[in-house]
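The numbers here are math on the coordinates, done by the rules we state, and not lab data. Everything quoted here is computed from the prediction, not taken from an experiment. With ideal geometry, Cβ positions are generated from the backbone for all residues, glycine too; neighbour counts draw on all protein chains shown.
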Amino acid sequence: MSVTPIELYHNYVKSMTKVADIGAASALMSWDQEILMPHGAATRRASQMATLAEIKHTLFLTKVKDAIDAILDSKAQEQLSEREAANIRLSIRDLNLATKLPIEFVAQQAQLASEAQFAWEQARKENKFEIFLPLLEKMFQSKKREADYYGYEDSPYDALLDTYEPGMKVGTVIKLFEKLKPELLSILKSVDEANKSGKTPIDHFIHQHVSSENQWNFTLKILNDMGFDSNYGRQDISTHPFTTSFGMEDVRITTRLDEKDISNALYSSIHEGGHALYEQGLPKDQYGLPLGEACSLSIHESQSRLWENNVGRSLDFISHYFPEFQNLFPDKLNKIEPKQLFSALNTIKPSLIRTSADEVTYHFHIMLRFELEKDILENKLQVKDLPEAWNFKMKEYLNQDVPGDNYGCLQDIHWSIGAIGYFPTYSLGSLYAAQFFACACKEMPNLADEIRKGNFVNLKSWLNDRIHRYGRNYFSEDLCERVTGEKLNIRYFIDYIRAKVNNVYEI
Ligand code: CO
């Protein structure tokens with residue numbers, strides 16, 4: 001008796017679910033490592049997680065592969081529904097990528113990443129790039145090999161970028177940045193002129209002491225208002241805020257508390273809350289399957305930035321929460337208007353550290369990293385010359401002198417863990433966010449009023465309906481076209497940020 005297409009598909013789902021379960025266990029372990037794990041457990045935890053990673057990889061390459069082969073052999077694919085067929089198509093893509101890397105290479109790279117991360121931490125502590133250099137050289141070598149295994153046409157960067165941003169090409173990123181650069185420089189020039197004519201917004205009042213407990217409660221209230229469902233998720237505290245998920249029913253976010261600067265907790269929570277709404281909004285019946293996963297890193301980041309910047313840093317949003325800000329601050333924001341708080345939270349000021357950069361200068365931090373990692377991968381720059389090249393570009397783009405590599409090329413964890421080709425997704429995220437938000441505002445003319453009333457229900461449903469429910473069904477640019485009617489267009493971001501800067505600096 002032959003097996004029916006539905007049975008074959010169920011077999012595939014069963015195997016994928018097991019892979020996802022192992023993934024969830026390992027995600028929980030790494031969440032625990034950041035939040036609760038005692039320091040002494042680090043080595044053991046690393047090997048426990050390596051074991052899970054190996055089991056997961058093996059399950060995927062055996063059980064899932066067998067299940068898919070059975071579907072292909074019996075031509076059952078043609079009888080599946082559109083969504084079922086999409087899952088199979090995407091899993092085949094994942095299998096193809098996974099089988100291109102020899103298993104010894106994957107293990108070596110994991111080992112290298114943990115060693116390099118350790119060296120990076122040491123180098124940061126002592127502010128000495130030389131400590132990191134040998135491992136970073138090995139890491140770039142290893143990533144070049146990885147790109148060779150995957151294969152590419154023009155630049156090895158394409159092969160690596162594709163692992164974070166399926167379908168995206170380095171040429172597209174270059175073109176976007178080329179268009180973005182002069183626009184942003186012209187905005188920075190207007191800010192500079194405004195500063196010179198004494199229009200710098202005052203912001204001393206946001207550095208008042210606000211207790212951790214009060215900040216914490218404020219972030220929970222905002223998350224709840226945004227529609228974050230605490231039946232299916234929770235917030236905790238960590239030094240570097242992040243989001244992780246063990247399935248749509250358990251989405252974890254973290255925030256960071258700084259009693260001297262409320263904007264840290266506030267915008268960390270809103271940012272991660274945006275990521276969390278995406279994870280909670282993925283279709284529950286697709287757990288473990290491609291259609292139950294986020295589209296790409298840039299689309300994920302578009303969700304966090306839309307909430308953080310387009311919504312959370314808007315005058316409408318800040319006006320709505322103004323009474324609560326007044327309750328939090330010791331001086332009750334006496335003599336401060338909502339507009340002044342808005343301006344203080346949107347000041348544009350070139351600085352050395354990416355994670356605390358404003359919405360305009362942020363992109364220069366990304367372009368700099370993108371250009372340097374691309375040059376190294378294409379053998380146009382040697383790793384040992386990285387600090388010098390970094391400092392040169394920092395001066396060129398943001399007119400900043402780098403006082404030490406701690407404030408320069410040692411600031412990010414990414415390269416140490418092998419996340420090379422990842423940075424552009426941050427900029428793409430902001431660009432997509434602006435385009436999605438412009439579309440939402442056009443389709444829902446009352447949206448600004450709703451935000452001013454603290455009502456985010458329609459915005460959240462719109463994002464659920466237009467973006468979240470599709471999972472990985474479309475590549476980022478195709479999803480963007482489906483949602484907004486056109487491919488990624490930097491115009492939306494430029495118009496949005498120009499209007500904001502003009503408002504903040506009264507230009
Ligand atoms: Co993010």
Notebook entry, point to check: How large is the charge dipole for the range 349-507, taken about the Cα centre, if only the Cβ atoms of Lys, Arg (+1) and Asp, Glu (-1) carry charge, to the nearest 20 debye?
Noted result: 440 debye
Checklist line | Computed [θ] at 222 nm, helices only, for the chain once each DSSP H run of length n ≥ 4 contributes -39500 (n - 2.57) | finding: -20000 deg cm²/dmol
Margin query: Going by average Cβ density within 10 Å per residue, which order do the peptides 335-343, 84-92 take, highest to lowest?
Written below: 84-92, 335-343
Next item on the list: Taking the dipole about the Cα centre of the chain, with the C-beta of Lys and Arg at +1 and of Asp and Glu at -1, give me whichever of F329, F242, Q77 is farthest to the positive side.
Entry: F329
Item checked: Dimensionless Rg/Rh of the range 1-154 - Kirkwood Rh, Rg from C-alpha atoms -> 1.08
Next item on the list: List the residues whose amide H sits under 5 Å from the amide H of R472, counting only those 5 or more places along or on another chain, with H placed 1.01 Å from N in the peptide plane.
Entry: L291, G292, E293
Margin query: For a quick check: with amide H placed at 1.01 Å from N, whose amide H comes under 5 Å from I237's, ignoring anything fewer than 5 positions away on the same chain?
Written below: T255
Next item on the list: Over the alpha-carbon set of the range 287-396, work out the extent along each principal axis and list the three values in angstrom, largest first.
Entry: 57, 45, 19
Next item on the list: Rank by packing, highest mean first: peptides 73-81, 118-126, 268-276, with packing defined as the count of other Cβ atoms within 10 Å averaged across residues.
Entry: 268-276, 118-126, 73-81
Check: What are the ³J(HN,Hα) values, in whole Hz, obtained from phi via the Karplus relation 6.51 cos²θ - 1.76 cosθ + 1.60 with θ = phi - 60°, for each residue of the range 493-504 in sequence order, with x given for Gly and Pro?
Finding: 5, 4, 4, 5, 6, 4, 4, 5, 4, 4, 5, 4
Checklist line | Spin-label model distance (nm) - N127 vs R145, 7 Å beyond Cα toward Cβ | finding: 3.6 nm
Checklist line | Inter-label distance, nm, simple model (7 Å from Cα along the C-beta direction), D229/T163 | finding: 3.4 nm
Item checked: Lys, Arg +1 and Asp, Glu -1 on Cβ, resulting dipole of the chain about Cα centre, debye, nearest 20 -> 380 debye
Next item on the list: Could you go through the range 110-115 in sequence order and give the Karplus-derived ³J(HN,Hα) for each residue, using 6.51 cos²θ - 1.76 cosθ + 1.60 with θ = phi - 60°, rounded to whole Hz, and x for Gly and Pro?
Entry: 4, 4, 4, 4, 6, 5
Notebook entry, point to check: How much length is gained if the chain between F118 and K442 is pulled fully straight, taking 0.36 nm per residue apart and subtracting their Cα-Cα distance, in nm to one decimal?
Noted result: 111.8 nm
Margin query: Within the range 1-134, count lysine pairs with alpha carbon atoms under 23 angstrom apart where the residues are 8 or more positions apart or belong to different chains.
Written below: 14
Note to self: Please compute the modelled spin-label separation between Q326 and E78, points set 7 Å along Cα→Cβ, answer in nm with one decimal.
What the structure shows: 7.0 nm
Margin query: Rounded to two decimals, what is the ratio between the C-alpha radius of gyration of the range 428-467 and 2.2 N^0.38 Å?
Written below: 1.13
Notebook entry, point to check: Considering only the other residues whose Cβ falls under 9 Å of the Cβ of D236, what net charge follows from Lys and Arg at +1 and Asp and Glu at -1?
Noted result: +1
Notebook entry, point to check: Using θ = phi - 60° and the Karplus form 6.51 cos²θ - 1.76 cosθ + 1.60, what ³J(HN,Hα) does each residue of the range 120-133 get, whole Hz, x for Gly and Pro?
Noted result: 4, 4, 4, 4, 5, 4, 9, 6, 10, 4, 4, 5, 7, 3
Next item on the list: Subtract the Cα-Cα distance of A70 and I413 from 0.36 nm times their separation in residues, and report this length gain in nm to one decimal.
Entry: 119.3 nm
Next item on the list: State the three equivalent ellipsoid semi-axes of the chain, derived from the C-alpha gyration tensor as the square roots of 5 times its eigenvalues, in descending order and whole Å.
Entry: 37, 28, 23
Notebook entry, point to check: Looking at this model, which pairs from K144/K460; K260/K335; K332/K500; K144/K393; K179/K500 are more than 29 angstrom apart at the alpha-carbon?
Noted result: K144/K460
Notebook entry, point to check: Based on Cβ point charges of +1 for Lys and Arg and -1 for Asp and Glu, what charge dipole magnitude is obtained for the range 249-341 about its Cα centre, in debye rounded to the nearest 20?
Noted result: 340 debye
Note to self: Suppose R0 equals 45 Å. What FRET efficiency, 1/(1 + (r/R0)^6) with r the Cβ-Cβ distance, do A42 and H204 give to the nearest 0.05?
What the structure shows: 0.65
Notebook entry, point to check: Taking amide H positions as placed 1.01 Å from N in the peptide plane, with prolines and chain starts having none, which residues 5 or more places from S245, or on another chain, fall under 5 Å of its amide H?
Noted result: R252
Checklist line | For the chain, share of DSSP beta bridges that run antiparallel, in % to the nearest 5 | finding: 40 percent
Next item on the list: Using Cα pairs closer than 8 Å and at least 6 residues apart in sequence, work out the relative contact order for the chain, in percent.
Entry: 19 percent
Note to self: Suppose the chain between L95 and E388 were pulled fully straight at 0.36 nm per residue; how much longer would it get relative to their current alpha carbon spacing?
What the structure shows: 101.5 nm
